[in-house]
1. If you check every pair at least six apart or on different chains, which have Cβ atoms under 8 Å apart with a residue in segment 131-143 that is closer than 12 Å to GLU118 by Cα first and a residue that is of a type in the set (Gly, Ala, Ser) and in a loop (DSSP other than H, G, I, E, B) second?
2. Tally time: how many residues in segment 315-357 are small (Gly, Ala, Ser) and over 19 Å from the mean Cα position of the chain (by Cα)?
3. Taking ARG354, is it basic (Lys, Arg) and under 22 Å from GLU70 (Cβ atoms)?
4. Of ILE81, ILE33, which residue is out of contact with any strand residue (DSSP E or B) (no Cβ under 7 Å at 6 or more places or on another chain) and farther than 27 Å from PRO348 by Cβ?
5. Quick check on segment 44-82: of everything there that is open to solvent by less than 30 Å² (accessible area, probe 1.4 Å) and part of a helix (DSSP H, G or I), which residue is farthest from HIS23 (Cα to Cα)?
6. Please verify whether GLY370 is assigned to a loop (DSSP other than H, G, I, E, B) and touching a residue at least 12 places away in the same chain (Cβ under 8 Å), treating the condition exactly as stated.
7. Considering segment 98-127 alone, what residues qualify as being over 22 Å from the mean Cα position of the chain (by Cα) and either under 14 Å from TYR32 (Cβ atoms) or open to solvent by less than 10 Å² (accessible area, probe 1.4 Å) (or both)?
8. Of the conditions (1) in contact with an Asp or Glu (Cβ under 9 Å, 6 or more places away or on another chain); (2) modelled with pLDDT of 95 or more, PRO348 satisfies every one except a single condition; which number is it?
Amino acid sequence: MNAPFDATAVLGRKALSHPAPDHQVAVIGLGYIGLPTAALLSSYGWSVCGVDVSQAVVDTVNAGGVHIEERDLDKLVRDAISAQTLVAATEVPTASFYMIAVPTPLGDNNTPDISYVEAAARAIAPKILPGACIIVESTSPVGTTERVAAIIAELRPDLVVPGEHRGDHTGEDADIALAYCPERVLPGRIVNELVHNDRVIGGVTPACAERAAVLYTSFVKGDCLYTTARVAETVKLVENSFRDVNIAFANELSMIADVIGVDVWDVIRLANRHPRVNILQPGPGVGGHCIAVDPWFLVAGAPQAARLVRTAREVNDHKAVHTENRIRALLDAAPDGKVALLGLAFKPDIDDFRESPALEIAEALSHTHGDRILVVEPFTDELPKALADKGAKLVTLDAGLRQAEIVVVLVDHTAFRHLTPHELAGKLVFDTRGMLRR
């Protein structure tokens, strides 16, 4: 087991006259980012308390189990629980470092909802000891870290909180530190990328960034790059908006190809032979809690200026509608036939359905053709209620191929990649991922 930096050595003289905290690190939110981060920190010797509002999640973690599918995570959690470096709870403890890793969904009209971050700030405020460092990891609109600082300043007038709302504190005379450090990991590779990817650490003040870096430099093998909180918040949104814009070009190209009657996969393959062209692969849309959501945070911050970002988001949202309409045409062409929808997750080989276009398409089709919908999804044991209630059935791949006249590839899970033209002979096939051409 790796040994961490000595956190107590950097908490400052203001912490010395107060009782020792219950844990070195408290991770607020044990979801797809919070749980891997908590377990990884534990493996490096930190004393970690993972906090979640779900008693079921807390019980699962304390039993050494996991509630999400992620490579290497089950062993990491099991080992951390056995070593007693990780514990889960529903109550916030005192800690040297607080890491906020809660959801930031979209609200009405695609506006950012930071209510979970605000709730986390309110939950930790009564527990904060002088010398503590609060780090926001949740993907957030620009200004969220300052909002967290304002909440803590309001609830803890006894603390000197860095930030303009409490005067011009450079951070040197502040009682606590506040920073923003966004995750930048790929589902399915989270544990590996938490260690090896570069991290951008944005402090409310330079001293805050340095304080937060003590935690990250203890386990990150990539570079830790210091900046301001607002720049770090913008960096995260820009990274995912860049990817969304590029995917939108590929998705729009696929819709153009449908209209003009050419094979989009051939077009992309040949166009990418140009030395300065690298078109991505289209799909049924864009999903996940990052790329499908974060660009709207950027739009919200500058609605008149973010024209390309907004358009890309609209193109990718519309691709799911376009895909649904093409499947409906196939259902009309085989009036009594069933359709096997391969995959519901937002990307291959994970159990994450957040913002998944495949799930959106399946639910829309089930409203009108529920009893004709067969779903093949190896990463779930039961269908979402919205599908099951409409008559859709979860089946194995073999059963889906046997019963369906129409086969639609929505997610290119590894479990589907062995399919051959022989196995699909005589069926109407719609491959939204180009999987069958690889």
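1. SER138/GLY29; SER138/ALA101
2. Let us first name the residues in segment 315-357 that are small (Gly, Ala, Ser), namely 320, 329, 333-334, 337, 340, 343, 345, 356.
Remaining after also requiring over 19 Å from the mean Cα position of the chain (by Cα): 320, 329, 333-334, 337, 340.
Number of matching residues: 6.
3. Working: basic (Lys, Arg): yes; under 22 Å from GLU70 (Cβ atoms): yes.
Spelling it out, ARG354 is indeed basic (Lys, Arg) and under 22 Å from GLU70 (Cβ atoms).
4. On the way: ILE33 fails: farther than 27 Å from PRO348 by Cβ.
Answer to the check: ILE81.
5. Ranking the candidates gives LEU73 first.
6. Working: assigned to a loop (DSSP other than H, G, I, E, B): no; touching a residue at least 12 places away in the same chain (Cβ under 8 Å): yes.
Here the answer is no, as GLY370 does not meet what is asked.
7. Start the filter on segment 98-127 by keeping residues that are over 22 Å from the mean Cα position of the chain (by Cα), which leaves 122-127.
Matches in segment 98-127: ILE124, ALA125.
8. All conditions pass for PRO348, except number (2).
The values are calculated or read from the model by the stated rules, or taken from the named source; none is laboratory data. Because the structure is predicted, anything quoted here is derived from the model rather than measured. Virtual Cβ from ideal backbone geometry, glycine too; neighbours counted across all protein chains shown. What goes into the accessible areas is simple: the full protein's heavy atoms, side chains included, and nothing from ligands, DNA or RNA. Shrake-Rupley method; radii C 1.70, N 1.55, O 1.52, S 1.80 Å.
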